[in-house]
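Before any comments, here is the structure.
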Amino acid sequence: MYNFLFLNFFIGACLASHACVIYDRFNTTDFLLSRSRCFNCNSELSILDEIPIISFLLLRGKCRYCKHEISSSLFLFELFGSFSFVSVDFFSQDGLITVIFIFSLLVIAIFDFKEQEFPIILLLLPTSVTLLAKGSMIFSYSLLDWLELIPTLLLMTFMVHRKKLGSGDLIIYMLIAVFFNPLFANTTLLVGSSLLVLQYLLSRKNEAYPFIPYIYLGMICLLLI
Ligand SMILES: [Zn+2]
C-alpha cells in the first residue's frame, strides 16, 4: 500500500493545490488552464511560485512581488489535502474513483471552511460517483450496517431540524456512508467531532464552526490508518 508513498503525496499535493485554486477562482470559470495571479498585485505567478506546499514555505507565506500575505488556511488545506491521497492506489479503477470522491469532498470542505456554506453544484460530482460506483452496495447491507446507518441518520436529521447542523453536513455523511460503509462514516464523524471539540477547547470561540472540514479530517485519519 505504501510503495508509492512519496509519489502519492506529491500527486496529492498537486490535487489539493488545485482544489484551493478551484475555490479561489470558482466564479471566474477559468480554473483549469490559466496561470494563477496574486490577488493583491495581480502579478502572474511563475511555476516556482506554484509548487504546492514548498512555495508557501520558501516565500514565507507572502507574495514574491508585493509581499502581501497568502492565506495560511489554504496552505493548511494543501498540506492536509496532500495526506488524503497517500493510501490510494492511483493505478486501479477503484483507486481513481476514490481519488475523484476525496477530491470533490476536499473542494467542498474548503468552501465550507471559508464561507460556512458551499455551492450546491459541488455535490453533483461526489453524488454521481457514489451512486454509480457504490450505490448498489446498499442492497447487500447487513443488519449491522443498517443499525449503524439509521440511528445516526435520524439523529443528524433531528439536529438539522433544530438548526444545530447544516443539511450539507448530513448529505456529506450519507455520501461517505454509501461510498465506504456506515461504520466507516460513523467513525469518521466520531473522529471529526473529537477534532472539532479539541479546536473549540483550544480557541474558546463561541461561534458557529463549519463541520465538513472536520468530517473531512476525520475521513483522512481513517484512510491513513
Ligand atoms: Zn502580489
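Summary table below
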read-out: Failed item, numbered, when Leu155 is tested on (1) more than 16 Å from Phe101 (Cα to Cα); (2) buried (at least 20 other Cβ atoms within 10 Å of the Cβ); value: (2)
read-out: Filtered residues of region 41-54 (kept if away from the ligand (no atom under 16 Å from the Cβ) and under 24 Å from the mean Cα position of the chain (by Cα)); value: Ile51, Pro52, Ile53, Ile54
read-out: Candidate set from region 158-168 (those that are small (Gly, Ala, Ser) and assigned to a helix (DSSP H, G or I)); member that is farthest from Asp112 (Cα to Cα); value: Ser167
read-out: Near pairs, Cβ below 8 angstrom, 6+ apart or cross-chain, from region 57-79 (closer than 17 Å to Glu44 by Cα) to any residue that is away from the ligand (no atom under 14 Å from the Cβ); value: Gly61/Ser72; Gly61/Phe75
read-out: For Leu7: the one exception among (1) assigned to a loop (DSSP other than H, G, I, E, B); (2) more than 24 Å from Leu123 (Cα to Cα); (3) more than 16 Å from the ligand (Cβ to nearest atom); value: (1)
read-out: Residue under evaluation Ile100, criteria (1) under 27 Å from Phe4 (Cα atoms); (2) without any contact (Cβ under 8 Å) to a residue 60 or more places away in the chain; (3) away from the ligand (no atom under 16 Å from the Cβ); (4) open to solvent by less than 40 Å² (accessible area, probe 1.4 Å), criterion not met; value: (4)
read-out: Within region 182-225, considering residues that are in contact (Cβ under 8 Å) with a residue 40 or more places away in the chain and not in a helix (DSSP H, G or I), the one farthest from Ser87 (Cα to Cα); value: Ala208
read-out: Lone qualifier among Ser87, Ser82 - being more than 16 Å from the ligand (Cβ to nearest atom), under 30 Å from Leu132 (Cα atoms) and in a helix (DSSP H, G or I); value: Ser82
read-out: Candidate set from region 60-70 (those that are open to solvent by 70 Å² or more (accessible area, probe 1.4 Å) and part of a loop (DSSP other than H, G, I, E, B)); member that is farthest from the ligand (Cβ to nearest atom); value: Arg60
read-out: Those residues of region 145-181 which are in contact (Cβ under 8 Å) with a residue 12 or more places away in the chain and aliphatic (A, V, I, L, M), in sequence order; value: Leu149, Leu153, Met156, Leu165, Leu170, Ile171, Ile172, Met174, Leu175, Ile176, Ala177, Val178
read-out: Residue within region 3-19 that is at pLDDT below 80 and open to solvent by 60 Å² or more (accessible area, probe 1.4 Å) present; value: yes
read-out: Qualifying residue in region 136-157 (condition: at pLDDT 95 or above, small (Gly, Ala, Ser) and part of a helix (DSSP H, G or I)); value: no
read-out: Flag if Ser73 is within 15 Å of the ligand (Cβ to nearest atom), among the hydroxyl-bearing types (Ser, Thr, Tyr) and at pLDDT below 85; value: no
read-out: Filter pass, Leu57 being away from the ligand (no atom under 16 Å from the Cβ) and either outside any helix (DSSP H, G or I) or open to solvent by 80 Å² or more (accessible area, probe 1.4 Å) (or both); value: yes
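The values are calculated or read from the model by the stated rules, or taken from the named source; none is laboratory data. Since the model is a prediction, treat every value here as computed from it, not as a measurement. Reconstructed Cβ throughout: ideal geometry from the backbone, glycine too, with neighbour counts over all protein chains shown. The area values use the complete protein model at the heavy-atom level, side chains included, leaving out ligands, DNA and RNA. Shrake-Rupley method; radii C 1.70, N 1.55, O 1.52, S 1.80 Å.
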